[in-house]
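Visitor: For reference, the structure I am asking about is given below.
The values are calculated or read from the model by the stated rules, or taken from the named source; none is laboratory data. Predicted model only: the values in this text are computed from it and were never measured. Cβ placement follows ideal geometry from the backbone for every residue including glycine, while neighbour counts extend to all protein chains displayed.
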Amino acid sequence: MASIPGKSCGPCTMCCKVLWIEELNKEPGPLCQHCKIGKGCKIYHRRPQVCRDYECEWLQERELGPKLRPDLTGTIIQIDPDSDEYQAVVDPATPMIWRKNELVFKLLVAKAKEGHVVVAKSGLKSWRIYDNGTYAPWA
Ligand code: SF4
Ligand code: SF4
């Protein structure tokens, strides 16, 4: 899906920090060695295909407003292509930020109410968020 008009990554580089990127042997948490904060990718024209293909849900969905941009919330919203889970992926250094940010948590509960399996992920830890506003560790 293409990003929608009026939306761009701008200064956000959250996916270059928070995600596990196998092709770069990059663990979740440390900023990619090729990323320059405030500037973006230093190897933009030869970045791996996985980086070219990736677009978080915020970039793709008009309903997710400007305050939900990942660098402002500390949370990347994405739909996992394998499991179809609606995921909130955060930096292992701030594992509960998806709960502390009320805008993010409200969105996650709303998505659970729509019938999605909603999961927050921080490194190897994860939590399932339910439609009644509760959450619990998730395998
Ligand atoms: S997390 Fe989303 S908005 Fe931020 S840089 Fe990655 S794709 Fe762009
Ligand atoms: S190679 Fe570039 S686009 Fe890919 S994670 Fe690193 S800085 Fe980001």
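Visitor: Consider A93 against the criteria (1) outside any helix (DSSP H, G or I); (2) surrounded by 15 or more Cβ atoms within 10 Å (Cβ to Cβ); (3) hydrophobic (A, V, I, L, M, F, W, C): it satisfies all of them except one. Which criterion is unmet?
Guide: Result: A93 fails condition (2) only.
Visitor: For L31, indicate whether it is within 13 Å of ligand 2 (Cβ to nearest atom), surrounded by 16 or more Cβ atoms within 10 Å (Cβ to Cβ) and among the aliphatic types (A, V, I, L, M).
Guide: In short, no.
Visitor: Looking at the range 38-57, can you tell me whether even one residue there is touching a residue at least 12 places away in the same chain (Cβ under 8 Å) and away from ligand 2 (no atom under 13 Å from the Cβ)?
Guide: Among the residues of the range 38-57, at least one is touching a residue at least 12 places away in the same chain (Cβ under 8 Å) and away from ligand 2 (no atom under 13 Å from the Cβ), which makes the answer yes.
Visitor: Testing D53 on (1) among the acidic types (D, E); (2) exposed (fewer than 12 other Cβ atoms within 10 Å of the Cβ); (3) more than 11 Å from ligand 1 (Cβ to nearest atom), one condition comes back false. Which one is that?
Guide: (3)
Visitor: When you check P81 against the structure, is it surrounded by fewer than 19 Cβ atoms within 10 Å (Cβ to Cβ), over 17 Å from T13 (Cβ atoms) and either at pLDDT below 95 or away from ligand 2 (no atom under 16 Å from the Cβ) (or both), yes or no?
Guide: yes
Visitor: Among the numbered criteria (1) of a type outside the set (S, T, Y); (2) closer than 24 Å to F105 by Cβ; (3) over 12 Å from the mean Cα position of the chain (by Cα), which one does M14 miss?
Guide: Condition (3) is where M14 drops out.
Visitor: Another question, if that's okay. What tally of residues in the range 27-71 results from selecting those that are of a type in the set (V, I, T) and in a helix (DSSP H, G or I)?
Guide: Number satisfying all stated conditions: 1.
Visitor: Quick one: is P5 in contact with a helix residue (DSSP H, G or I) (Cβ under 8 Å, 6 or more places away or on another chain) and either more than 8 Å from ligand 2 (Cβ to nearest atom) or not in a loop (DSSP other than H, G, I, E, B) (or both)?
Guide: Answer is no for this residue.
Visitor: Right, here's the next one. So V119 fits all but one of (1) within 12 Å of the chain's Cα centre (by Cα); (2) in a loop (DSSP other than H, G, I, E, B); (3) away from ligand 1 (no atom under 16 Å from the Cβ); what number is the exception?
Guide: (2)
Visitor: So if I check each of L124, L108, which one is closer than 26 Å to K26 by Cβ, loosely packed, with under 13 Cβ neighbours inside 10 Å and under 16 Å from the mean Cα position of the chain (by Cα)?
Guide: L124
Visitor: Follow-up question, since we're still on this one. Could you go through the range 18-26 and let me know if any residue there is in contact with a strand residue (DSSP E or B) (Cβ under 9 Å, 6 or more places away or on another chain), within 11 Å of ligand 1 (Cβ to nearest atom), farther than 20 Å from A93 by Cβ and in a loop (DSSP other than H, G, I, E, B).
Guide: No, because not a single residue in the range 18-26 is in contact with a strand residue (DSSP E or B) (Cβ under 9 Å, 6 or more places away or on another chain), within 11 Å of ligand 1 (Cβ to nearest atom), farther than 20 Å from A93 by Cβ and in a loop (DSSP other than H, G, I, E, B).
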